[in-house]
1. Just the residues that are in contact (Cβ under 8 Å) with a residue 60 or more places away in the chain and among the charged types (D, E, K, R), please, taken from the stretch 75-122.
2. Could you list, in sequence order, all residues of the stretch 28-41 that are surrounded by 10 or more Cβ atoms within 10 Å (Cβ to Cβ) and either in contact with a Phe, Trp or Tyr (Cβ under 6 Å, 6 or more places away or on another chain) or part of a helix (DSSP H, G or I) (or both)?
3. Tally the residues that are crowded, with 16+ Cβ neighbours inside 10 Å and farther than 20 Å from residue 96 by Cβ, restricting the search to the stretch 119-144.
4. Looking at 95, 117, can you tell me which residue is among the charged types (D, E, K, R), touching a helix residue (DSSP H, G or I) at 6+ places or on another chain (Cβ under 9 Å) and either within 17 Å of residue 39 (Cβ to Cβ) or not in a strand (DSSP E or B) (or both)?
5. Among the listed residues 46, 3, 12, identify the single one that is at pLDDT below 75 and surrounded by fewer than 10 Cβ atoms within 10 Å (Cβ to Cβ).
6. Within the stretch 131-151, track down each residue that is charged (D, E, K, R), assigned to a loop (DSSP other than H, G, I, E, B) and under 23 Å from residue 56 (Cβ atoms).
7. Just to be sure I understand, how many residues within the stretch 72-84 are at pLDDT 80 or above and part of a loop (DSSP other than H, G, I, E, B)?
8. Only one of these is hydroxyl-bearing (Ser, Thr, Tyr), out of contact with any helix residue (DSSP H, G or I) (no Cβ under 7 Å at 6 or more places or on another chain) and in a loop (DSSP other than H, G, I, E, B): 88, 55, 104, 128. Name it.
Amino acid sequence: MAVMAKKGKREVPAMSTSSLPDIVFMLLFFFMAATTMREVDPLVSVQMPEANEITELDKKNLVNIWMGKPLGAAKGEDALKIQLNDQTREVEDIRDFISATTVTKGVGPNEIVVNLRVDEGATVGKLTAVKQELRKAEALNISYAARAVEK
């Protein structure tokens, strides 16, 4: 009968790392393709109110107006700022902004959908002033951005 002798510890062969760069570049390409960049960086912080029903808007004729506290504001400061594209502006500048946007997008003011992103602590008076300027600019399609209510 043959005697079987133990040959010491067997080592597991090392994993081949030749395909590792391919995997890294595939992941890099995936994340580059899957992420979307914001067109405009927010200059104001907006704590949006909650809503029960939320619908997706067509981005073709969409204009965003942010109303909130400036990002560098102190805790006690309650002044709300209005952000149109990449600059904070005053309420009076909304009409010029809407007319410039309609020219840029090549549509009429009644075809523009204005998406208001308003901080939940905003005053009704400031919101009414913004809506009055939108009415003067004939931008009557207004939508309000909100968070979904968690059930």
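The values are calculated or read from the model by the stated rules, or taken from the named source; none is laboratory data. What you see is a predicted model, and the numbers here were worked out from it, not measured in a lab. Every residue, glycine among them, receives a Cβ derived from its backbone with ideal geometry; neighbour counts consider all protein chains shown.
1. Listed by number, the residues that qualify are 117, 119, 120.
2. 28, 29, 30
3. 2
4. Numbers: 117 fails: touching a helix residue (DSSP H, G or I) at 6+ places or on another chain (Cβ under 9 Å).
Going through 95, 117 in turn, the sole match is 95.
5. On the way: 46 fails: surrounded by fewer than 10 Cβ atoms within 10 Å (Cβ to Cβ); 12 fails: at pLDDT below 75.
Only one candidate qualifies: 3.
6. Just the residues of the stretch 131-151 that are charged (D, E, K, R), to begin with: 131, 133, 135-136, 138, 147, 150-151.
From what's left, assigned to a loop (DSSP other than H, G, I, E, B): 138, 150-151.
Passing the criteria: 150, 151.
7. Kept after step one, since they are at pLDDT 80 or above, are these residues of the stretch 72-84: 80-84.
Remaining after also requiring part of a loop (DSSP other than H, G, I, E, B): 80.
Count: 1.
8. Values: 88 fails: in a loop (DSSP other than H, G, I, E, B); 104 fails: in a loop (DSSP other than H, G, I, E, B); 128 fails: in a loop (DSSP other than H, G, I, E, B).
The conditions single out 55.
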